[in-house]
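A.B. asks: Before anything else, here's the structure in question.
Here, each number is a calculation from the coordinates, and none is a lab measurement. Quantities reported herein were computed from a predicted structural model and do not represent experimental measurements. All Cβ positions, even for glycine, are placed from backbone atoms using ideal geometry, and neighbour counts span all protein chains on display.
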Amino acid sequence: MLIKSISGIRGTIGGKAGNGLSPIDVVKFTAAYAEWTKNDNKQKKCTVVVGRDARISGEMVENLVVGTLMGSGIDVVNIGLATTPTTEIAVTEAKAQGGIIITASHNPKQWNALKLLNNKGEFLSAKDGEKILEIAENLEKIIDFAEVDSIGKHTKDDSYLKRHVEMIKELELVDFELIKQANFSVAVDCINSVGAVSVPYLLEQLGVKTIHEINCTPDGNFAHNPEPLAENLVELCETVANKKADVGFALDPDVDRLAIVNEDGTLFGEEYTLVAVADYILSNKKGNTVSNLSSTKALRDVTEGFGQQYFASAVGEVNVVEQMKNQKAVIGGEGNGGVIYPELHYGRDSLVGIALFLTHLAKSKIKCSQLRSKYPDYYISKNKIVLKPTDDVDAVLAKIKAIYEKQDVNINTIDGIKIEFENEWVHLRKSNTEPIIRIYSESENKEKADLLAQEIINLVTK
């Protein structure tokens, strides 16, 4: 399967060209990105940073990407195994004109992807993503590859993780001396990807002496489904409880999502990673917050509790970042455990999320589960409907909108349809990365959230 979208090129490894992320497809879209980069920066000689997660196909895709960029006349700074946020930071630190992250994020091991960055180390806008797709479809007519004397240079540089962690430690609201004094015992599940390289190092630099490592061999053999959801974190929960750790952290393969486990082995809740970090930031710095439409309303509650304003964006990191810039937000992100702290950079970053959370926990002087109990309790039911090629998604969404327009509810249509009732909501949208309609609902408990979601599912499939 191959999914081409503004957020990147994602596909399964193997099969015929055009049906998955084949070597031909990797070259095609990398060449298109190279052409766009030269045009966008109005210069023929550009530098692009390349980083990857540890999945099995990573080295193969990396070789194709690096060679294609060089063949396009672009110099490559290859940072090898690196988290997504580290690669984003490397773009600006290296004064590069762009970056390619080779990762399929939370997808299983048969998937990989090309995530594309601009010269700010941020994901491309919808307009720029569409330009690249257009170039790719007209590749032979548009692109002239470099002559032999103009081939790009290839430099390997693995120093950017160290710089990333140094930048985190330099942040005003990260108190690594206080973290060290707290003498935390921390368990981490790094899913055998680049978290295994970065997270223990970060914790050591923050002064954490007791680290219980789970799945910390960066070989891409994911020990469980790589999405950091409750059903995939059983081993981490057991380890935290058995080792009497103060907290547990679970990462996805490219370390831009962070899930937290309480000291008693219960889940903090991935929706509440951002809520807790925002609580800490807002207690020290006033300002607005942003999350996407499918994230918990607990962030709004916490934000308004500090007398500040909350804003929602369309789903997708690039949309959250745009809204954060528009509203001058001091913290933002997504309910999937994605923390965006603009003091460091505009990208989801689990490493800064860990540092800020541990500072918050150390300052609070309470247990992790007690910290969680401070926040409003909501439950999000996450469901999906698999689409058939003949399904008309726009017609489905229009049908739901027509039904609820007759009721006393608020309807938001900036991204699919979000129906907001007095104390609960449901959000329907077509996924950018999979052939499905996502249906998320939130209410005060699981039963009510599931019931609300099922009502919508019944209307969609009727």
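A.B. asks: Could you work out Rg/(2.2 N^0.38 Å) for the range 106-158, with Rg from alpha carbons only?
C.D. replies: 1.52
A.B. asks: Considering the options Val77, Val234, Val302, tell which one lies farthest towards the positive end of the dipole of the chain, charges being +1 on Lys and Arg and -1 on Asp and Glu at the Cβ, about the Cα centre.
C.D. replies: Of the candidates, Val77 comes out farthest on the positive side.
A.B. asks: Rank these for me by crowding, Lys406, Lys180, going from fewest to most other beta carbons within 10 Å. Please list the in-between numbers first.
C.D. replies: Values: Lys406 7, Lys180 14.
Exposure proxy ranking, most exposed first: Lys406, Lys180.
A.B. asks: Please report the antiparallel percentage of the DSSP beta bridges confined to the chain, to the nearest 5. Kindly include the intermediate steps, with their values, before the conclusion.
C.D. replies: Details: 43 of 75 bridges.
Here the share of antiparallel DSSP bridges comes out near 55 percent.
A.B. asks: Magnitude of the Cβ-charge dipole of the range 299-372, K/R +1 and D/E -1, about the Cα centre, nearest 20 debye? Spell out each step's value before the answer.
C.D. replies: Numbers: 8 positive and 7 negative charges, 72 e Å.
Here the size comes out at about 340 debye.
A.B. asks: Would you kindly calculate the mean projected area, averaged across all directions, of the convex hull enclosing the Cα atoms of the range 232-335, in square nanometres?
C.D. replies: Details: hull surface 27.8 nm².
With every direction weighted equally, the projected area is 7.0 nm².
A.B. asks: Could I ask something else about it? P(r) tail for the range 288-349, what percent of Cα pairs lie past 16 Å? All intermediate terms of the calculation are to be shown ahead of the outcome.
C.D. replies: On the way: 612 of 1891 pairs.
Tail fraction, whole percent: 32.
A.B. asks: While we're here: Are there GluC sites (Glu not before Pro) in the range 149-183 that DSSP marks as loop and that have at most 13 other Cβ atoms within 10 Å, and which are they? Display every interim value, and only then the final one.
C.D. replies: Working: sites: Glu166, Glu170, Glu172, Glu177; in loops: Glu170, Glu172.
Those that pass, being in a loop and sparsely packed, are Glu170, Glu172.
A.B. asks: Please report the net charge: other residues with Cβ closer than 13 Å to the Cβ of Val247, K and R +1, D and E -1.
C.D. replies: Residues close to Val247 contribute a combined charge of 0.
A.B. asks: Further, regarding this structure: Find the relative contact order for the chain and round it to a whole percent, using C-alpha pairs within less than 8 Å whose residues are 6+ positions apart. Provide the component values of the computation, followed by the final result.
C.D. replies: On the way: 1039 pairs, mean separation 55.2, N = 462.
Taking the mean separation of contacting Cα pairs over the length of the chain, I get 12 percent.
A.B. asks: Please compute one quarter of the surface area of the Cα convex hull for the range 379-461 and express it in square nanometres.
C.D. replies: Values: hull surface 20.9 nm².
Result: a mean projected hull area of 5.2 nm².
A.B. asks: Mind pulling the per residue volume of the convex hull built on the Cα atoms of the range 2-158? Å³ is fine.
C.D. replies: On the way: hull volume 15.6 nm³, N = 157.
Looking at the range 2-158, the number lands at 99 Å³ per residue.
A.B. asks: Moving on. Given +1 on the Cβ of Lys and Arg, -1 on the Cβ of Asp and Glu, and no further charges, what dipole in debye does the range 379-461 carry about its Cα centre, rounded to the nearest 20? Don't jump to the answer; show the numbers that get you there.
C.D. replies: Numbers: 12 positive and 15 negative charges, 66 e Å.
Dipole of the range 379-461, to the nearest 20 debye: 320 debye.
A.B. asks: In which sequence would Ile414, Ile354 go, from the one with the fewest C-beta neighbours within 10 Å to the one with the most?
C.D. replies: Working: Ile414 13, Ile354 30.
Ranking Ile414, Ile354 by Cβ neighbours within 10 Å, fewest first, gives Ile414, Ile354.
A.B. asks: Also, quick follow-up: Summing +1 for each Lys or Arg and -1 for each Asp or Glu, what net charge is found among the other residues whose Cβ lies under 13 Å from the Cβ of Val186?
C.D. replies: Working: positive: Lys180, Lys209, Lys243, Lys244; negative: Asp189, Glu204, Glu213, Asp246, Glu263.
That works out to -1.
A.B. asks: Sticking with this one: Dipole size in debye (nearest 20) for the chain around its Cα centre, Lys and Arg Cβ +1, Asp and Glu Cβ -1?
C.D. replies: 380 debye
A.B. asks: Okay, next question. For Ile214, what charge total do you get from the other residues with a beta carbon under 9 Å from its beta carbon, if Lys and Arg give +1 and Asp and Glu give -1?
C.D. replies: Numbers: positive: none; negative: Asp189, Glu213, Glu235.
Local charge sum for Ile214: -3.
A.B. asks: Please rank Tyr33, Tyr341, fewest neighbouring Cβ atoms within 10 Å first, as an exposure proxy. Provide the component values of the computation, followed by the final result.
C.D. replies: Numbers: Tyr33 31, Tyr341 26.
The fewest-first ordering by Cβ neighbours comes to Tyr341, Tyr33.
A.B. asks: In whole Hz, what ³J(HN,Hα) sequence does the range 253-263 give by Karplus (6.51, -1.76, 1.60; θ = phi - 60°), x for Gly and Pro?
C.D. replies: x, 10, 6, 10, 10, 10, 10, 10, 10, 6, 4
A.B. asks: Given the range 320-382, what whole percent of its Cα pairs are spread farther than 14 Å?
C.D. replies: Working: 1262 of 1953 pairs.
Roughly 65 percent, rounded to a whole number.
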